[in-house]
Amino acid sequence: MTTTTVALHGVTKRYGPIAAVRELDLALHAGEVIALVGHNGAGKTTQIKMMLGLARPTEGRVELLGGDPAVHGLALRREVGYLPESVSFHLALTGRETLGFYARLKGVPLSELDQAFAAVGLTGAEGRAIGTYSKGMRQRLGLAQALLGRPRVLILDEPTSGLDPALRREFYAIVAARAAEGATVLLASHALTELEGRADRVVIVNRGAKIADGTLADLRAIARLPVQIRIRPAAGFAGPMSSSGWQRLPDGSLEAEVEPAGKLPLLAQLLADPGAVTDLTVTEPTLDDLYAHFLQREAA
Amino acid sequence: MSSLADTAIVPAPRRPTMPTILILAAKEIREGFRNRWVVATTLLLAALALTLALLGSAPTGTVGASRLDVVTVSLASLTIFLVPLIALLLSHDAIAGEAERGTLLLLLAYPVGRTAVILGKFLGQLAILAFATVLGYGAAALAVGWNLGLAAWGAFAAMVGASILLGGVFLALGLLASTLVRQRSTAGGIAIGLWLLFVILYDMAFLGLLVATGGHSLPPALVDTLLALNPTDAYRLLTLGMAGTGGLTGIGALAGHTALTPPILVAVLLAWTAAPLALAALVFSRREL
């Protein structure tokens, strides 16, 4: 059922003595939103360049929509939308001229431009020179060009940089809609927290190698990071069980970390006496925590 | 929207409505007009050409040479210095500049061939140069007067055409420089070097050689080869050796002895354009980003 749209088979890419990507296996499927996570220099952009056929792997094989992008890139890239990191445009041209240029290159009818501007909230700014756009507007224009022609594979490098929170939400709504239509969406990012709940799968890369790949729940289960529980005790509360390592915070709250498996028993215990606790917060490990964990595990 | 993945992602067969090369050329022209390159170049050429035309045509009334012929010869001399420089300034930025500004990566992620990028940029820049030359030089010629005889106009038109050809040579050379290096500044340095080499140094060395050998011991075939090896010399022979204007210039005498006929010279200029373009396309298509 799941169609593989992009695949890397044992891919290594060396620039001189430096391996930007090392023995990487990766498969992306139709209808999937994948977060490619790693800090700068982890090899994300090199991977993307190989997927687009702009760089050739030193070893291994790259497949895009069933073909080799380095050989059949001309036809395959018609089905791909790409937003580069820190996208830039010719500042003297207007938004419409620029998007029209990209639409022509992809064979997308110019009659779709109005719709494309509307989708990213740029209606009304089409006729202005890009030099007058804010950073967020340029990013939205970048997004609009990536979405042109309903590509089957969307590769977005740091897509939400420069977008305010409301626009981020709209952006992820567009991404989800495209994935629901069957497109593969790859989000390369180091803004991890906002990917929470947006990506079906998270791939963590470090120094060119894949160190984790799975759903957020999978990764949480592997990492077994502690859950943080914070309570505000009632006035007459004698204090919770000493064994759990509670810490008193300056504001009078108590905080403890428990293994994932110990979470529910502890909560049951705390809530057994309805008058003991006035407030309770459970904080699951964030994607940032997971990322830090996998990096540490890799370093160890 | 449909939740059925299979129906939603059926790729509609899309074809660009115009060839990719023309799309790229049109963008190049639009950018040229927008960032004032075209206006600046046209005005510069027109101003210098008008100055030469008005100064140069004043004393010739009694000599007998057509006033337009004098303008044609003056402008040809101007072209040798100015047009290669303008062409190199325009083209050295083409690839290296886009790479530096970060727009190249996005462009190449589109269904665009590398050769199409090189040719599209070349065509666009050639159109800009042709526009500026025709308008700038045409203004100067019209300032001298329009009723100047068909032969003189023919020579003028041939000179303008040859100037555009020469511009094409240096556009191609600049594009090659822009493809070979990663940085704009390096490409700019190479461009200036090319200009110095072909416009100044080569001829100085050539003249030195002629003087040193007394101008007689060199076999004509060698002289011809040396002239053909420099596109500006080919241009010089082509325009200054032409009938009507030949008598006004020193090189007219040289042109009388050479085996390099106008068709051969045009072929030389075209080869000087095609070879760097082909090399640029080859280098660019092998380049990884």
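Values in this text are rule-based calculations from the coordinates and carry no lab data. If you're wondering where the values come from, they're calculated on a predicted model, not measured in any experiment. Cβ placement follows ideal geometry from the backbone for every residue including glycine, while neighbour counts extend to all protein chains displayed.
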Provide the gained length on full extension for the span A:Tyr15 to A:Ile174, in nm with one decimal, where the gain is 0.36 nm per separating residue minus the Cα-Cα distance.
-> 53.7 nm
Principal axes of the protein assembly as shown: Cα extent on each, largest first, Å = 119, 51, 50
Pull out a ≥ b ≥ c, the square roots of the eigenvalues of the alpha-carbon gyration tensor of segment A:126-204, then state rounded if a/c is under 1.5, prolate if not and a/b is larger than b/c, and oblate in the remaining case.
-> oblate
Label point distance in nm, A:His72-B:Ser77, each placed 7 Å from Cα along Cα→Cβ = 6.2
Given C-alpha coordinates of segment A:1-138, what is the ratio Rg to Rh with the Kirkwood estimate of Rh?
-> 1.03
Structure shown: which of A:Lys106/B:Lys27; A:Lys49/B:Lys121; A:Lys13/A:Lys44; A:Lys44/B:Lys121; A:Lys106/B:Lys121; A:Lys13/A:Lys210 lie over 21 Å apart, alpha-carbon to alpha-carbon?
-> A:Lys49/B:Lys121; A:Lys44/B:Lys121
Label-point separation in nm, A:Ala261 to B:Ile264, each point 7 Å along Cα→Cβ | 9.3
Cα centroid distance between segment B:204-231 and segment A:46-77, in Å?
-> 52
Once normalised by the length of chain A, the mean sequence separation of its alpha carbon contacts under 8 Å that are 6 or more apart gives a contact order in percent of 20
Quick shape summary for chain A, equivalent ellipsoid via Cα gyration tensor, semi-axes whole Å in descending order, reads 43, 25, 16
Just how far, in whole angstrom, is segment A:111-140 from segment A:262-300 if you go by their alpha carbon centroids?
-> 43
Given R₀ = 56 Å, FRET efficiency for B:Val283-A:Ser161 by Cβ-Cβ distance, to 0.05?
-> 0.95
Efficiency of FRET between A:Ala191 and B:Leu201 - r from beta-carbon atoms, R0 60 angstrom, step 0.05 = 0.65
Between the modelled labels at A:Arg230 and A:Asn40 (7 Å from Cα along Cα→Cβ) the distance in nm is 3.1
Chain A - mean residue ellipticity at 222 nm from DSSP helices (-39,500 (n - 2.57) per run, n ≥ 4, rounded to 500) = -9500 deg cm²/dmol
What FRET efficiency would be calculated for the residue pair A:Ala299, B:Leu229, taking the C-beta separation as r and a Förster radius of 56 Å, to the nearest 0.05?
-> 0.40
